[in-house]
Number of protein chains: 2
Amino acid sequence: MVNGIKPISSRSMAERVEISLREYFAQKSFKPGDPLPTELELAAALGVSRNVVREALSRFKMLGIVEAKKKSGMVISNPDIVGTFEKVMTPEIMDETTLQDLFELRLALEMGIADLLYIHKTEKDLDELEEIAAREMKEKDNNFRISNEIAFHSKLYEMTGNNTLKRFQSLLLPIFGYVIKLEKKKVISGKVTHQDLVKILRKGTVEDFKEGMLSHLQPHFDRVKSFKK
Amino acid sequence: MVNGIKPISSRSMAERVEISLREYFAQKSFKPGDPLPTELELAAALGVSRNVVREALSRFKMLGIVEAKKKSGMVISNPDIVGTFEKVMTPEIMDETTLQDLFELRLALEMGIADLLYIHKTEKDLDELEEIAAREMKEKDNNFRISNEIAFHSKLYEMTGNNTLKRFQSLLLPIFGYVIKLEKKKVISGKVTHQDLVKILRKGTVEDFKEGMLSHLQPHFDRVKSFKK
DNA sequence: ACATTTATTATGTAGAACATAACTACTAAT
DNA sequence: ATTAGTAGTTATGTTCTACATAATAAATGT
């Protein structure tokens, strides 16, 4: 093995420009609305072709960090975090470990929103939630049951009043379905039903609700336990 | 206001190609390792210049969805979810609402990992955690106290055995610091200290721990309550 | 059969050219 | 003088061509 040899930056120019630009943005402490140099200026400053600069800028445009307008030039803008997440959230090409991790992450969230729920819940919310839980009981079709299952949990997130959280969980839903499907297991509900949870939310304490939710999710936690290495 | 007017697709070619490619990947149900057509073929098929295709592909390369090797061409690969998240997680240019939302999301996670912790905790982990908590007490310097505070909570995530979760929380740390700074508030700890938490983790039940953690984070939850609209 | 050299191929980079939208400034008409 | 219209300017958007480069395959010679 030869020593003292640098592997050279096998990174492409576009990638290196991306890094440079990111440092540049931070160093200048740019805020949304702040104008950027022109593509030509950047290319000249970085000593690369305009083409490479555009490839790097294209990346920032995808993230929503940079917006471009003709003539006026480019400006910094505030990115859509969850939207970006959506672009990589493709269960089909994700490795299984990450899928399992995200599955657990969702379980943690599900348990963790209890306190937020008790801070934000309103009577109106509870009525709507109750209606979803009730609708579920009448439904025979399995597909409808699943979409109702999703509706219930989504409503819970909505009740936290935290839009980012709600959007985030809706991105995790496919993961949930995918992991379940991978194991070819049927969706097993815990002892505590959705209707029970609504009741607790109405009259019970936060602690009651946490217990109830844990019980509701117990089958999933059992799965996690069985995977423990 | 004029009605029935479409805003035209103000999308750039690169953006539209990105969308087309994403559909194409899904439709062909590509898996990691699967080869892609050449840039020239894609350009021809889409009826755009190779340059535009490259800008779109550059985006996928950033996400880690596509990898390119000279001569052999491009292949699909599994993206690094958290790594992508890192690229947009820039508190400086994020809007305040999202920052608040993410702050809450972290609180929810902090509360939600309790059950995972009790599934995965080991004696060795507890010893290490205890050591961090102990080190903290001896420290006078405020900067060190904060980095110790971070170390403690990071260790908790590490103990879940969920690497994605751990990496995810470490990305949320800057948010935490930023939000705190925004309000110019000092970091106030709850009544339950880190050392208390360790004790509970050792001898107490999951419920005890959840109570303890809630108490520990109470100042933050109070803040959330006060922001309730 | 093996090593060496020679094509071949697809990505990486560069540069020029022109289209296009938006903004500025000037001009002409009432 | 105000307004409408026109021409000019500028930075992004798009295309095309050319060539460099690395990895692979094919061909060649010993």
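The values are calculated or read from the model by the stated rules, or taken from the named source; none is laboratory data. Predicted, not measured: the structure shown is a model, and the values here were computed from it. Please note: Cβ atoms are built from the backbone with ideal geometry, for glycine as well, and neighbour counts cover all protein chains shown. Note: accessible area is taken over every heavy atom of the protein model, side chains too, but ligands, DNA and RNA are not part of it. Shrake-Rupley method; radii C 1.70, N 1.55, O 1.52, S 1.80 Å.
Of all residues in the stretch B:207-229, those being in contact (Cβ under 8 Å) with a residue 40 or more places away in the chain and either among the acidic types (Asp, Glu) or surrounded by fewer than 15 Cβ atoms within 10 Å (Cβ to Cβ) (or both) number 1.
Of all the residues in the stretch B:158-183, those that are among the small types (Gly, Ala, Ser) and more than 14 Å from chain A (Cβ to nearest Cβ) number 1. In the stretch A:139-147 there is at least one residue matching the filter, namely being more than 9 Å from every other protein chain (Cβ to nearest Cβ) and touching a Lys or Arg at 6+ places or on another chain (Cβ under 6 Å).
Only one of the numbered conditions (1) surrounded by fewer than 19 Cβ atoms within 10 Å (Cβ to Cβ); (2) within 11 Å of DNA strand C (Cβ to nearest atom); (3) not hydroxyl-bearing (Ser, Thr, Tyr) is not met by residue B:44, and that is (2). May I ask you to verify whether residue A:26 is modelled with pLDDT of 95 or more, farther than 20 Å from residue A:63 by Cβ and more than 12 Å from DNA strand C (Cβ to nearest atom)? Spelling it out, it is not the case that residue A:26 is modelled with pLDDT of 95 or more, farther than 20 Å from residue A:63 by Cβ and more than 12 Å from DNA strand C (Cβ to nearest atom). Within the stretch B:45-59, which residues are farther than 12 Å from residue B:16 by Cα and in contact with a Leu (Cβ under 7 Å, 6 or more places away or on another chain)? Result: B:50, single match. When B:60, B:85 are checked against the criterion of being in contact (Cβ under 8 Å) with a residue 12 or more places away in the chain and away from DNA strand C (no atom under 16 Å from the Cβ), a single residue qualifies: B:85.
Of the helices (runs of 4 or more DSSP H) lying entirely inside the stretch A:1-116, those containing at least 1 residues that are within 11 Å of chain B (Cβ to nearest Cβ) and touching a His at 6+ places or on another chain (Cβ under 7 Å) span A:96-112. Inspection of the stretch A:137-159 finds no residue satisfying the criterion of being of a type in the set (Gly, Ala, Ser) and assigned to a loop (DSSP other than H, G, I, E, B).
Matching residues to (1) in the same structural domain as residue B:176 (by TED's automatic domain parsing); (2) open to solvent by 10 Å² or more (accessible area, probe 1.4 Å):
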position: B:61; (1), (2): no, yes
position: B:65; (1), (2): no, no
position: B:95; (1), (2): yes, yes
position: B:116; (1), (2): yes, no
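From the list B:79, B:7, B:91, the one residue that fits, being under 30 Å from residue B:159 (Cβ atoms) and modelled with pLDDT under 95, is B:91. Candidates are the residues of the stretch A:117-127 that are among the charged types (D, E, K, R) and within 16 Å of residue A:163 (Cα to Cα); the one that is farthest from the other protein chains (Cβ to nearest Cβ) is A:125.
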